[in-house]
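Asker: Let me give you the structure first, and then I'll get to my questions.
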Amino acid sequence: MPMNLRFAWFFILILVFGFARGQVSTRVINDLRYDPAIRGASAGLVITDVENGQVLAEWNPDLLLSPASVAKLFSSGIALQLLKPDFRFETLLGYSGRIEQSTGRLQGNLVVRGGGDPTTGSEYFNREIPVDKFFDDISEALMAAGIHSIDGDILIDISGFQRWTIPDRWMWEDVGNYYGAGPSAVNLYDNIAKLYFNTSAQPGNLAELVSVKPSIEGVEWLNMLYSSEVNRDLAYVYGSPWDTRRVVRGTIPVRRTNFVVNASMPEPPLVFGDILKRKLTMAGIRVAGKVVITENLSEAEIIRSFYSPLLSRVCSVLNYESVNLIAESLVMQLSYRQNGQGRHDEGMKIISGFLKENITTDPFFLEDGSGLSRATAVSARQISDFLIFMHKSESGDVFKSTLPVAGAATLRSFSTDTFPGVTLRCKSGSMTRIRAYAGYLKCRSGREVAFAVMVNNFPGTSQEIFRTLEGFLGKVRNEL
């Protein structure tokens with residue numbers, strides 16, 4: 001064989017061998033495909049090199065599947081791109097009428113104009129902002145402005161945001177529970193009401209509803225919750241955002257005192273106003289009028305603006321703790337900033353338009369920003385392409401930092417031996433018979449890949465599907 005032909009064949013073999021080593025092996029893919037935990041399920045995956053865009057593995061890459069909370073990658077990433085990481089939600093405090101300087105009487109109304117801040121009184125931010133600091137700050141601001149009593153009403157101005165309308169195909173059993181809490185112009189305590197129950201030592205007995213915090217006037221809690229030997233919270237709360245009657249059903253463990261069941265809060269702006277009135281009274285500021293929720297823009301002399309933590313921090317809480325309220329608040333905020341009116345449907349159009357312009361022209365369905373709707377359907381390729389886009393974007397480093405690592409938050413079950421440090425950063429998604437993971441993986445070779453893997457309607461248990469997908473990602477990290 002001529003020398004130059006030998007070199008040509010040698011060069012081709014090197015290329016082929018190098019290409020083969022750069023891919024996830026068929027064996028690893030088949031181990032996943034034929035795992036009993038996903039037998040008969042619908043599944044899709046794509047793994048892509050973040051630097052050169054080379055697809056290293058794929059299986060049903062264009063199959064539209066429910067991503068569950070992996071959909072939060074879109075709402076957080078696009079918010080960081082359009083609003084910028086240093087964006088802050090704003091709430092305005094003002095008044096109408098005049099202040100009588102000699103007595104400190106406000107001859108008019110106090111006005112709180114909501115800007116959709118989901119962090120007000122939030123337990124997720126209480127290390128940096130105590131839950132009731134907002135009310136203390138309002139009292140201080142009024143004192144500083146010379147207001148010691150208010151002759152009029154407390155107006156909660158929600159004019160900038162549409163009242164919450166439940167996205168299509170949210171399940172009835174989800175809406176009344178804490179993870180079904182919807183956003184408003186004024187949010188409070190993660191829009192969650194905590195119900196405290198005591199249970200007897202005997203299973204099958206009606207649990208005792210001890211208290212509700214915050215107390216919400218006019219809301220009836222119909223208790224149909226029973227004690228059980230099953231050591232799990234199997235309580236569900238039923239009721240729409242507009243109902244004054246909520247039904248609590250299911251079971252909670254026996255022998256419990258002040259067992260907490262979290263429910264979505266009816267009318268957060270009204271709850272906010274009632275608590276504000278009480279807090280002002282405790283601070284020595286008399287309010288003669290009542291709390292009024294208004295959807296009309298209230299003319300006001302602004303006293304002070306209150307700001308949320310940076311959007312980068314808000315998105316970290318969103319993705320680490322998978323908070324649906326924050327995701328839907330971002331959807332509303334995108335609409336508010338672009339159109340002057342916070343509408344969920346318009347916010348979803350902005351997110352979908354961004355994806356169509358920058359990521360894909362293929363069909364997809366986005367019904368919400370949180371992934372709670374089972375009508376939301378995207379492909380593994382679309383998610384992977386979005387992750388590549390974000391990796392290369394100006395917000396890329398911030399976006400990655402908002403994703404949890406192995407052993408933390410929603411990835412607490414992932415092995416830190418298999419995925420030490422920040423080798424794995426991803427968003428998880430889970431609902432009944434749905435499990436998905438998508439994010440970034442640093443492999444043993446030093447190569448970084450973006451990945452998306454989704455499994456719908458799997459027959460195995462949640463623990464089995466978790467072990468299967470964790471094992472698959474571990475194999476990918478070792479091979480690449």
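Asker: Is it true that Q54 is at negative phi and modelled with pLDDT of 95 or more?
Answerer: Taking the combined requirement at face value, the residue does not satisfy it.
Asker: Further question: Does R169 satisfy the criteria of being part of a loop (DSSP other than H, G, I, E, B) and in contact (Cβ under 8 Å) with a residue 12 or more places away in the chain?
Answerer: Yes: the conditions hold for R169.
Asker: Another question about this same structure. Which count do you get for residues in the range 216-231 that are loosely packed, with under 15 Cβ neighbours inside 10 Å and either within 25 Å of the chain's Cα centre (by Cα) or in contact (Cβ under 8 Å) with a residue 24 or more places away in the chain (or both)?
Answerer: 6
Asker: In the range 222-262, how many are more than 24 Å from A201 (Cβ to Cβ) and in a strand (DSSP E or B)?
Answerer: 7
Asker: Mind checking which residues of the range 85-127 are assigned to a loop (DSSP other than H, G, I, E, B), free of Cβ contacts under 8 Å to residues at least 24 places away in the same chain and either touching a Leu at 6+ places or on another chain (Cβ under 6 Å) or not polar (S, T, N, Q) (or both)?
Answerer: The answer is R127, and nothing else.
Asker: Mind counting the residues in the range 62-78 that are more than 14 Å from T432 (Cβ to Cβ) and either crowded, with 24+ Cβ neighbours inside 10 Å or aromatic (F, W, Y) (or both)?
Answerer: 11
Asker: Looking only at the range 330-342, decide whether some residue is free of Cβ contacts under 8 Å to residues at least 60 places away in the same chain, buried (at least 20 other Cβ atoms within 10 Å of the Cβ), in the same structural domain as H391 (by TED's automatic domain parsing) and in contact with a strand residue (DSSP E or B) (Cβ under 8 Å, 6 or more places away or on another chain).
Answerer: Yes, there is a match, as at least one residue in the range 330-342 is free of Cβ contacts under 8 Å to residues at least 60 places away in the same chain, buried (at least 20 other Cβ atoms within 10 Å of the Cβ), in the same structural domain as H391 (by TED's automatic domain parsing) and in contact with a strand residue (DSSP E or B) (Cβ under 8 Å, 6 or more places away or on another chain).
Asker: Across the range 296-310, what is the number of residues that are surrounded by 13 or more Cβ atoms within 10 Å (Cβ to Cβ) and either without any contact (Cβ under 8 Å) to a residue 12 or more places away in the chain or not polar (S, T, N, Q) (or both)?
Answerer: Residues meeting the conditions: 8.
Asker: Restricting to the range 332-379, name every residue that is of a type in the set (V, I, T) and in contact with a Pro (Cβ under 8 Å, 6 or more places away or on another chain).
Answerer: Answer for the range 332-379, where residues must be of a type in the set (V, I, T) and in contact with a Pro (Cβ under 8 Å, 6 or more places away or on another chain): T376, V378.
Asker: Could you please find all residues in the range 284-309 being farther than 24 Å from W242 by Cβ and among the basic types (K, R)?
Answerer: R286, R304, listed by residue number.
Asker: Return the total of residues in the range 289-347 being assigned to a loop (DSSP other than H, G, I, E, B) and charged (D, E, K, R).
Answerer: So the answer is 4.
Asker: Tell me whether the range 59-74 contains one or more residues that are assigned by TED's automatic domain parsing to the domain that holds E464, basic (K, R) and farther than 25 Å from L403 by Cβ.
Answerer: no
Asker: Taking the residues in the range 128-166 that are of a type in the set (A, V, I, L, M) and assigned to a loop (DSSP other than H, G, I, E, B) as candidates, determine which candidate is farthest from D243 (Cα to Cα).
Answerer: It comes out as A145.
Asker: Here is a follow-up. Any idea which of V24, V28 is outside any helix (DSSP H, G or I), buried (at least 16 other Cβ atoms within 10 Å of the Cβ), out of contact with any His (no Cβ under 7 Å at 6 or more places or on another chain) and at pLDDT below 95?
Answerer: V24
Asker: Could you list all residues from the range 133-174 that are within 29 Å of Q338 (Cα to Cα), modelled with pLDDT under 95 and aliphatic (A, V, I, L, M)?
Answerer: The one that is within 29 Å of Q338 (Cα to Cα), modelled with pLDDT under 95 and aliphatic (A, V, I, L, M): I166.
Asker: Look at I156 and say whether it is more than 23 Å from R278 (Cβ to Cβ), among the aliphatic types (A, V, I, L, M) and in contact with a helix residue (DSSP H, G or I) (Cβ under 8 Å, 6 or more places away or on another chain).
Answerer: Here the answer is no, as I156 does not meet what is asked.
Asker: Just the residues that are buried (at least 16 other Cβ atoms within 10 Å of the Cβ) and either of a type outside the set (V, I, T) or closer than 20 Å to T402 by Cα (or both), please, taken from the range 449-463.
Answerer: If the condition is that a residue be buried (at least 16 other Cβ atoms within 10 Å of the Cβ) and either of a type outside the set (V, I, T) or closer than 20 Å to T402 by Cα (or both), then V449, A450, F451, A452, V453, M454, N456, F458, G460 are the ones that fit.
Asker: Additional query: I'd like the full set of residues that are at pLDDT 95 or above, of a type in the set (S, T, N, Q) and either outside the structural domain of L222 (by TED's automatic domain parsing) or surrounded by fewer than 19 Cβ atoms within 10 Å (Cβ to Cβ) (or both), limited to the range 232-261.
Answerer: Correct list: T257, N258.
Asker: Here's a follow-up. Hey, does the range 328-346 have a residue that's modelled with pLDDT of 95 or more and at positive phi?
Answerer: Within the range 328-346 (the criterion being modelled with pLDDT of 95 or more and at positive phi), the answer is no, since none of the residues qualifies.
Asker: Do we find a residue being of a type in the set (G, A, S), part of a strand (DSSP E or B) and either under 30 Å from the mean Cα position of the chain (by Cα) or crowded, with 18+ Cβ neighbours inside 10 Å (or both) anywhere in the range 266-287?
Answerer: no
The values are calculated or read from the model by the stated rules, or taken from the named source; none is laboratory data. On a predicted model such as this, the values are computed, not experimentally measured, just so you know. All Cβ positions, even for glycine, are placed from backbone atoms using ideal geometry, and neighbour counts span all protein chains on display.
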